[in-house]
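Novice: Okay, here's the structure, questions in a sec.
Bear in mind these aren't lab numbers, they're just calculated from the coordinates by the rules spelled out. All of these numbers come straight from a predicted model, not from anything done at the bench. As a convention, Cβ positions derive from the backbone with ideal geometry for all residues, glycine included, and neighbour counts pool all protein chains shown.
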Amino acid sequence: MAKTQLDIILNLVDNASKNLNSIGASMTQFGRTMTTHVTCQFVGVGLAAVKMASDLDYVYAEYQTVGKQTEAELSVLSQRFCRYVY
C-alpha cells in the first residue's frame, strides 16, 4: 500500500516533534547544570563578600571605640586596608 502525501507529512511532523522534545530536554538539563555548578558559586562568593564587609565594619567600629582614634587616623587605616584588598 502506497503512502499518501498526508501520511508522509504526518510522519515528518512527528519526527520534528520528537527532535524538538529532545532539544528541549537537553536545554533543561543544561540549565540545571549551570544553576548548580555556576550560579551557586557566584552566590557563595557574594555571601562571603558580605560577611567580610560586615566583619570589617565591626572591627573598624571596635577599633574606633577601644582605641579612641581620631577620624584622620581611621582614614589612614582604611586607606592602608584598601591597598591590601584591591
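Novice: Look at residue 55 and say whether it is out of contact with any helix residue (DSSP H, G or I) (no Cβ under 6 Å at 6 or more places or on another chain) and more than 30 Å from residue 74 (Cα to Cα).
Specialist: Details: out of contact with any helix residue (DSSP H, G or I) (no Cβ under 6 Å at 6 or more places or on another chain): yes; more than 30 Å from residue 74 (Cα to Cα): no.
Judged against the criteria, residue 55 is not a match.
Novice: Just to check your reading of the model, which residue among 42, 30 is out of contact with any strand residue (DSSP E or B) (no Cβ under 6 Å at 6 or more places or on another chain), loosely packed, with under 10 Cβ neighbours inside 10 Å and without any contact (Cβ under 8 Å) to a residue 12 or more places away in the chain?
Specialist: Just one listed residue meets the conditions, 42.
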